[in-house]
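For reference, the structure discussed in these notes is given below.
The values are calculated or read from the model by the stated rules, or taken from the named source; none is laboratory data. Every value quoted in this text rests on a predicted model; they were computed, and no experiment measured them. Reconstructed Cβ throughout: ideal geometry from the backbone, glycine too, with neighbour counts over all protein chains shown.
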Amino acid sequence: MSEIEDKTPEQPMCVLFLCTHNSSRSQMAEGLLRARGGPSFEVWSAGTQPRTVHPLAIRAMRQIEIDISMHQAKGIEAFAALPPMDLVVTVCDEAQEACPYFPNARHQVHWGFPDPSRATGSEEERLAAFCSIRDLIAVKINQFLGRNPTFSFGQLYSAAKAEEQQV
């Protein structure tokens with residue numbers, strides 16, 4: 001199938017969110033697109049140097065009734081043998097630099113967000129930082145979905161690229 005052909009409803013768009021540690025931003029993006037994109041998308045996340053899913057990311061997502069507590073951090077090598085991803089989205093500058101071209105991607109864009117794990121202060125202040133980044137990611141996901149990206153690879157890329165320009 002060429003990248004300009006339409007996918008059928010039985011073939012969801014495959015999206016991979018990349019970040020350095022796959023602990024916060026990419027996990028929240030995965031959870032948001034899974035919840036809001038429905039069966040039109042198969043969604044994953046990975047990291048260039050995976051750690052564990054950050055407990056404050058789990059709490060921030062739980063506040064909006066999205067459960068990512070069972071998510072596990074994965075490295076990009078976990079996706080090397082899978083069919084190509086329709087879209088790869090880097091969500092941190094470090095991942096964009098470490099992986100400027102994901103070899104198994106039909107299209108790749110960058111939506112940069114600050115790292116909430118760098119926040120300091122009390123646990124509640126740090127949770128507020130995670131919620132703030134979660135909300136920024138949610139706005140981006142909602143705008144992306146509002147561009148109806150599920151009809152073809154071309155529309156998928158156009159919608160993602162339009163959101164990249166809004167960063």
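From the list Ala128, Ala57, Ala78, Ala119, the lone residue that is crowded, with 20+ Cβ neighbours inside 10 Å and among the small types (Gly, Ala, Ser) is Ala57.
So is Glu94 at pLDDT 95 or above and over 19 Å from Val15 (Cβ atoms) or not? Taking the combined requirement at face value, the residue does not satisfy it.
Within region 23-45, not a single residue is out of contact with any helix residue (DSSP H, G or I) (no Cβ under 6 Å at 6 or more places or on another chain), β-branched (Val, Ile, Thr) and at pLDDT 90 or above.
If I ask for residues that are in a helix (DSSP H, G or I) and among the acidic types (Asp, Glu), which ones from region 99-128 would you list?
Residues of region 99-128 in a helix (DSSP H, G or I): 116-118, 123-128.
Of everything in region 99-128, those that are in a helix (DSSP H, G or I) and among the acidic types (Asp, Glu) turn out to be Glu123, Glu124, Glu125.
Scoring Cys131 on the criteria (1) touching a Leu at 6+ places or on another chain (Cβ under 8 Å); (2) outside any loop (DSSP other than H, G, I, E, B) leaves a single failure, condition (1).
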